[in-house]
Each structure stands twice: as structure tokens, then as C-alpha cells.
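Trainee: Quick one: the structure is below, questions incoming.
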Amino acid sequence: MGSYRGARTAVIVGAGVAGLTAAAALARGGWQVEIAEAGPAEAPSGWGLCLTGPSLRALDELGLAGACLAEGYGMDTITHVDVNGEPVDEVRLPRLLGARRPAVVGIARPVLHRILYAEAERCGVAVRHQVTVAAVDQEGELVRVRLSDGTVRRVALLVGADGIRSSVRGLLGLEASLEFHGQMVWRALVPRPSWATGIHQFAGKTDTAGLVPLSGRQAYVFLTENRVGQSILSDAELAPRLQQLLKVFPGRVAEFRSLIAESDSVVRRPVLTALLKGAWSRGNGVVIGDAAHAPAPQMASGTALAVEDGLVLAREIGRHESVGAGLQAFVSRRTQRCRTLVETSMVIAGLEQAQRHHEAYALVDSCHWLMAEPA
């Protein structure tokens, strides 16, 4: 990196995967980066996620794949189990870090956050918590950013990495479609059963369940509840309701169903997707990660897109004479790849609801290999 010759200052809104990755990558290129994060300084709570091959490949460029492999759980396969509890299909995921390293890593969300946060701080990024963006104006070659505490920054680059309900997206005048897909997804942390050495997905007569190892000791259960409306349950209702939904599944589901009552981390969220209808940037402001393209969770690849976005953004800005040209190149590289993943995840969600599981399995397999292509 090094082509851009203006003032190398940036404000990134959001200290999630996309924001922290972009911050570290830009700081390594000589940028002075400040993150405005609406949440508190404590690491986020939560269950876990999958670092698929593209995630690991991008993290490896930042020198962080090793830490994720050490603290997560490496796997190579997704085992699909039918409504009778019998394995019917196995997807072997592409190994993008070589034959001696796993294809995918399950990792606790707070652990990944800690790894990314520490790297951003090591690179000199300043993170301000409980602060977000209030107003944005383009002033010549700079962006005037007024933060929620009244402070003002004039920077060469504004990055909105503030999630599916991005405020930066609206402040930049960008439009995105936000869609609910008639599904609620459940997750709960449980002890890892000894047989769970890969991802397992169980087809039900109505819903879909699964188990993802996160470490030698821990895993997370997921359940996709089909053909439901958006609703809110109290914390006291979550574990009993999840156990009830899992009760109809035969075989090994019964083993981890019994562990739900002991879990202190059960969550239920609507399956939403977001996709920008047009431009990703305006002036010297841009949105990345879920703010630009939030897939349904069926492909387990939202993290991959977020990490890739941060890395590619820094790379393209570093290659061009102006921030505007760098942003144009970034969007050109990312639009089709991200759109394909989001739209594929939506099709898979529909196939699940129609109980067309074998078609969904084939589509998941082909999309993982498509995502294995260079970002």
C-alpha cells in the first residue's frame, strides 16, 4: 500500500468483525484510524460462529489465522442427517490454508472479538466506546463526521461497519433492502459431545437443527424455526421453548437437547438479509460488512464477507491516488461476490422451509466452492 498521498485519517463506525479488520488493515498501511463503537468496552457476549476457508485465508494475510486455529476448533466436514436420524450426506469443505490445516474453524464470538480487537490496538487504532455517528457531510476531499458526544472529525475516509441496521448507511443516503424470511434462528452454548468433531445438521419435519464445535470443551446448538413471524420471548421462556422444539428430532439431538437447560446463553433472532440496492459509497464514505450485504446464516459466511471487506478495502485504497478511486475499485471487486452469497443464502432458506433438503445441501456445497475462489 502507499499510492494515496493525502491525509491518511479514517473514522470507522462499529467495532465488529468488519470494522476491526478494516481498522487493522488500514493502520498497517500507515493510516491514523479511530473507531466509534456504540457498545460498551466489554467483549460482546454470544455464542459462536464459523470461520470458513475464505475467512481463514483473509485472516492469514493479517497473521491472525494461527491464533484463531489455536483457540477455536478445526473441522473439515458438514454431516447432514435426515428426519429419521440417519446420516445421508457429507460436505467436505475446501481447505484454503493447505492440507495440514482445517477447512473451517468454529470459534466463540467473544474470542474472535478479542483477537481482532488486540490486533487493532497493536496497530495503533483508537477505539472509543459508547459513541456513534450523528451527522456526515462531505467537505471537499474530506468527510466531516460529527459524533454523538458532540466531537467533530474531518477525515479522508468514513467507513460504516455498523451492522445490518446501519446508521451510517442512512446518513450517506444509501438504500438497502431489509428482508425477513419467515424464520427465527436459535443458538445456545453447550458442552461439546465427544462425537461432535465436525458440523452436524439435522433435518426435521418442520425445522432444522445442528451442532457446531467451538473448542475442545464447548459447542453451540442452532435451530432454525420455520414459517413463523417475528416475535419476542422473555429470557425465562427461551431454554424451555428451545428444548420443546428439539424434542421432535430423533437420534443424537436428544443428547444435546438435554444440555440446553444448563446453558446460560440462549438467544433467538429473526433471519434477516440486507443488500444494498445501488451504490455502496458516497463521497469519501462507504459501508462494509452487514451494513452492505447481510446474508442469511445458512451459508455461515457472513464473517467471511466481513473480513474480506476490511482487507480488500485497505488494499484498494492503498493502490489508488485518491480515496474516491480506491472506493470505486473496492466496490467493483466486492459487489458480485457479496450479492451472490446473499442471494444464495436466501434460496437455501426457502429450500429449508419447503423441506427440499437435498437441493439445499447441493447448493451449500457448490456455494462454498464458489467462495473458495480469490476474493
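Trainee: When you check SER332 against the structure, is it modelled with pLDDT of 95 or more and either surrounded by 24 or more Cβ atoms within 10 Å (Cβ to Cβ) or β-branched (Val, Ile, Thr) (or both), yes or no?
Mentor: In short, no.
Trainee: Which count do you get for residues in segment 161-206 that are closer than 14 Å to ALA292 by Cβ, assigned to a strand (DSSP E or B) and not aliphatic (A, V, I, L, M)?
Mentor: Counting residues in segment 161-206 that are closer than 14 Å to ALA292 by Cβ, assigned to a strand (DSSP E or B) and not aliphatic (A, V, I, L, M) gives 1.
Trainee: Next question, about the same structure. Filter segment 285-326 for residues that are surrounded by fewer than 23 Cβ atoms within 10 Å (Cβ to Cβ) and either among the polar types (S, T, N, Q) or on the phi > 0 side of the Ramachandran plot (or both) and give the result.
Mentor: SER322
Trainee: Mind counting the residues in segment 207-229 that are over 21 Å from GLU179 (Cβ atoms), touching a residue at least 60 places away in the same chain (Cβ under 8 Å) and not in a strand (DSSP E or B)?
Mentor: 3
Here's the yes/no breakdown for (1) farther than 21 Å from VAL131 by Cα; (2) of a type outside the set (Ser, Thr, Tyr); (3) at pLDDT 95 or above:
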| site | (1), (2), (3) |
| --- | --- |
| ARG8 | yes, yes, no |
| VAL11 | no, yes, yes |
| ALA22 | no, yes, yes |
| ALA25 | yes, yes, yes |
| ARG28 | yes, yes, yes |
| VAL33 | no, yes, yes |
| ALA36 | no, yes, yes |
| SER45 | no, no, no |
| ARG57 | yes, yes, yes |
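Trainee: Name the residue that is surrounded by the most Cβ atoms within 10 Å (Cβ to Cβ), counting only residues in segment 230-250 that are over 22 Å from VAL81 (Cα atoms) and of a type in the set (D, E, K, R).
Mentor: Going through the qualifying residues, I end up with ARG241.
Trainee: If the Cβ limit is 6 Å and pairs must be 6+ apart or interchain, which residue in segment 140-153 that is under 15 Å from ALA38 (Cα atoms) pairs with which residue that is part of a loop (DSSP other than H, G, I, E, B) and of a type in the set (S, T, N, Q)?
Mentor: From residues that are under 15 Å from ALA38 (Cα atoms), the pairs are SER148/THR132.
Trainee: Then there is this: Considering only segment 144-171, state which residues are crowded, with 18+ Cβ neighbours inside 10 Å and of a type in the set (Val, Ile, Thr).
Mentor: Those that are crowded, with 18+ Cβ neighbours inside 10 Å and of a type in the set (Val, Ile, Thr): VAL145, VAL155, VAL159, VAL168.
Trainee: Could you list, in sequence order, the residues of segment 83-126 that are at pLDDT below 95, among the β-branched types (Val, Ile, Thr) and in contact with a Gly (Cβ under 8 Å, 6 or more places away or on another chain)?
Mentor: Result: VAL83, single match.
Trainee: While we're looking at this one, here's another question. Collect the residues in segment 159-178 that are out of contact with any helix residue (DSSP H, G or I) (no Cβ under 7 Å at 6 or more places or on another chain) and either at pLDDT 95 or above or under 17 Å from ALA18 (Cβ atoms) (or both), keeping them in residue-number order.
Mentor: Selection gives ARG165, SER167, GLY170, LEU171, LEU172, GLY173, LEU174.
Trainee: Pick from segment 270-315 the residues that are among the charged types (D, E, K, R) and modelled with pLDDT of 95 or more: which of them is farthest from the chain's Cα centre (by Cα)?
Mentor: By that ranking, first place goes to ARG282.
Trainee: Still on this model: So which residues in segment 357-368 are touching a helix residue (DSSP H, G or I) at 6+ places or on another chain (Cβ under 8 Å) and either charged (D, E, K, R) or touching a residue at least 24 places away in the same chain (Cβ under 8 Å) (or both), if there are any at all?
Mentor: Scanning segment 357-368 gives HIS357, GLU359, ALA360, VAL364, CYS367, HIS368.
The values are calculated or read from the model by the stated rules, or taken from the named source; none is laboratory data. In this text, all values refer to a predicted model and were calculated from it rather than measured experimentally. Cβ atoms come from the backbone with ideal geometry, glycine included; neighbour counts cover every protein chain shown.
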